[in-house]
Every structure is written in structure tokens, then in C-alpha cells.
Amino acid sequence: MRGKKVQMKRKSRKQRRNENGILFGSIILCIVTLCAVTICLVMVFQYRAAQIEAAEMRDEIARLQENYTPEEVETMIASEKENAALQASEETEDAMLDRMKELMLSGEGAVNMLRKFFPNEIVLVDNTQYYFFPISDTLAKHSYLPENFILTEDELIEYYDNGELVSHKGIDVSRYQEKIDWQEVAEDDVEYAFIRLGIRGYTEGEIKEDDTFEYNINGALDNGIEAGVYFFTQAISVEEAEEEAQYVLDAIEPYDVTYPVVLDVEAVSSENARTAELTKEERTEYCIAFCEMIRQAGYTPMIYGNLKTFMLLLDMEQLEAYDKWFAYYDTELYFPYNVRIWQYTDTGSIEGIDTDVDINISFGNFSGE
């Protein structure tokens, strides 16, 4: 008898579990059904609302057609479109103003702010005047990727391609760097140096060799640093440009100059500068005269300048054949066209030089070409 009672109790528990399962399933089914009904009702209400809105629109159109001529209706529709466009324009303007305010508060400055708003133009300011130059489709562009430029702990810029360092560290010096210890410079991994060879005076026009030219070029070469030279031009004729080129060629003849021979083209702020009234066409013509003489002598000609040089003083279209050395002191290269060397700071620090010094990054090793 006890065995039968136990069996009956077990059967009763099983029945309760079945009943609980049926109850739970019923609740779930009710919830699913309720959700489906709710969704259907929402869709019906939305459909009904859309029908009402469409009917009201038809009634409004009919009312307009009853009270106005077709021409008047067209005028009102055009007016509404214009109002809608104006509202959208105002919203866009508000967004732009907010963005401008954000950039100004971040300390970007007006010029950098404008450059972000006009990515298809080169923006520069000179003597409080702003210039906007559309990026030319005919000039060759560089392919350097911003994310491949790395700023090191020593505040040096390096360029990597597929994880490999492909740029070269260099400096340019003149008498302003005073007495340089070239052995220490070489130990600081400087691969090349541009030595200022000389200048032409901006008032009298006299050509003068840099006081430290011979010392610097000998010091660089004796310590395994490859050398290029640069000359600060103030030529006001083709004849003077060719005179400058010949002066440079005569001066470098005893030396193993493997890096480019550079014409330094910069505006002089003095009102009595002899080049103050030169046109863009004239400066460009003199650059070509200098560079062609350098090329014919077997050296690599190059033009040095900044944004003002290349956008305001020279005609880039006529100088496509010559390498460019670009001066721009910011952590991002702001120039779309081909440059072989970027001078990214004039306050660099190099072992063996007690003063600030210009530091450059070179894309390609000229001596290996």
C-alpha cells in the first residue's frame, strides 16, 4: 500500500508541472498576441493619419484652385519652396557659425579655421590680406599621408611607409649658427646639410659670400654629412640671375656637392628692396635662368620658399620641372604640390649647434639617385 501511495504522489506532481507549463505558454501567447495587435493598431492609426493628411492637402489644393488662378497657385508654391530653402540655408549658416566659434575657441586661429572650411583652396594671409588659390589640376601633387608623419619625443618629424622609415634628417645653416661642431652634428644622425653659400644685397645688389661657408661645407663633408648649398637671390634681371648661378658654380667647384643647389626666393619686407616691384612673371623668369645654368653644369637645381613664395611671388605652372624645398612651420604639411624637402621648424635643436637651427625632412636621398 505504501508503494502505491508514493506512485500516486509522483503522478500528481507531474500533472502539476504540466499544468504550470500550459499556463506559462498561455501567458506568453497572450503577450505575443497583444504586441501584434498593438503593432497593427499603430500601423492602422499611422495609415489613417496619412490618409487624413493627404485628404487635407487635397482639400487645400482644391480650395486654392477654387480661389486662385493656376498662375497664382504656382507663385505661392514657388514662394513656399523659397521659404523652405531659406530656412535650410539659415540652419546651415547656424551650424557653420557654431563650427567657426568652436575652432576659434580652440586656439586654431583665423587662417587655420579658413583652411578647414576651404579644403579645395590654398589659403594664406599676407599683410592682413587674405588670399584663396584654387588647387590646380595641372600641377603634380605629392602623395604623403598625414598619418605617416610621426613626431618623435625629440620633436623631430619622420615619415614612414608601410612601417619603414623613408625620410632623411637634415639641417640648413649659415653664419647665424656661429661656430658649429660638425662631429657632434654627425653623431646626432644628421644625414645632410644645406650650407648658405652667399647672398645678393637687397639694396645695393652686391654679391657676398657667407662668412662661414668654407668652414661649414668642409666641416660637413669631413664628417660624412652630405652637402647642398643655397643662395639668397635678389636678382632683378636674367643677367643678374645668371651671374648668381655662375658665382655659385665657381664657389662649389672644389667640393663634392651631392645634394641640390638651391635658389632661395623670399620677399624682403623693406620698402627700398630692389626686388620690391618685380612681377610674378619676372621672378619666375629669373628662377628659370638660374636653375637652367645649374642643371647644365650637372647639379640638381631646387627652389626654396614658403607659401607666399610659391603662391604670390612665382608662377608654379612654369616651374614644374624643378624640385621644391618648402618652408612651413607646423606639424602638418599644408601644401598639396610636390615637394622634395620640407623645412618644418626654424627653432630646432641639434647637438654641436648652440643656437636654434632649421631642421628639414627629405623625401628621397639625392646622392643615391
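The values are calculated or read from the model by the stated rules, or taken from the named source; none is laboratory data. All values derive from a computational prediction rather than experimental measurement. A quick note on method: Cβ atoms are made from the backbone with ideal geometry, for glycine too, and the neighbour counts reach across all protein chains shown. Surface areas here come from the heavy atoms of the whole protein model, side chains and all, with no ligands, DNA or RNA. Shrake-Rupley method; radii C 1.70, N 1.55, O 1.52, S 1.80 Å.
Per residue, the convex hull around the alpha carbon atoms of segment 124-191 comes to 201 Å³. The accessible-area ordering, largest first, of the residues S269, S367, S167 stands as S269, S367, S167, per a 1.4 angstrom probe. Placing unit charges on the Cβ atoms only, positive for Lys and Arg and negative for Asp and Glu, gives segment 274-316 a dipole magnitude near 180 debye about its Cα centre. Can you compute the modelled spin-label distance between A276 and S237, with each label point 7 Å from Cα toward Cβ, in nm? Placing both labels 7 Å along Cα→Cβ, they lie 2.1 nm apart. Counting 0.36 nm for each residue step from F133 to E82 and taking away their Cα separation leaves a gain of 15.1 nm.
What per residue convex hull volume, in Å³, do the alpha-carbon atoms of segment 276-363 yield?
134
With a cut-off of 20 Å on the backbone N, the residues of segment 240-267 near the modelled label site 7 Å out from Q318 along Cα-Cβ are 240-246, 262-267. Full extension of the chain segment joining E253 with D346 gains 30.6 nm, where the gain is 0.36 nm per residue of separation less the Cα-Cα distance. Annotation for N218 and E102: the two label points, set 7 Å from Cα along the Cα-Cβ direction, are 6.0 nm apart.
Pairs K141/K308; K179/K280; K169/K280; K116/K141: which exceed 30 Å Cα-Cα?
Pairs exceeding 30 Å: K179/K280; K169/K280.
If you average the C-alpha positions of segment 110-130 and of segment 256-293 separately, how far apart do those two centres end up, in angstrom? Going from one Cα centre to the other spans 25 Å. Amide H contacts for S167 (H built 1.01 Å from N in the peptide plane; partners 5 or more residues away or on another chain; cut-off under 5 Å): Y159.
The listed residues S270, S143, S362, once ranked by accessible area (1.4 Å probe) with the largest placed first, stand as S143, S270, S362. Each label point was placed 7 Å from the Cα along the Cα-to-Cβ direction; for L145 and E332 their separation is 1.6 nm. Scalar couplings 3J(HN,Hα) for segment 346-362, obtained by applying the Karplus form with A = 6.51, B = -1.76, C = 1.60 to θ = phi - 60°, are 10, 10, x, 10, 10, 4, x, 10, 7, 9, 4, 9, 6, 10, 10, 10, 10 Hz; x denotes Gly and Pro. Only beta bridges with both residues in segment 132-271 are counted; by DSSP, about 35 percent of them are antiparallel.
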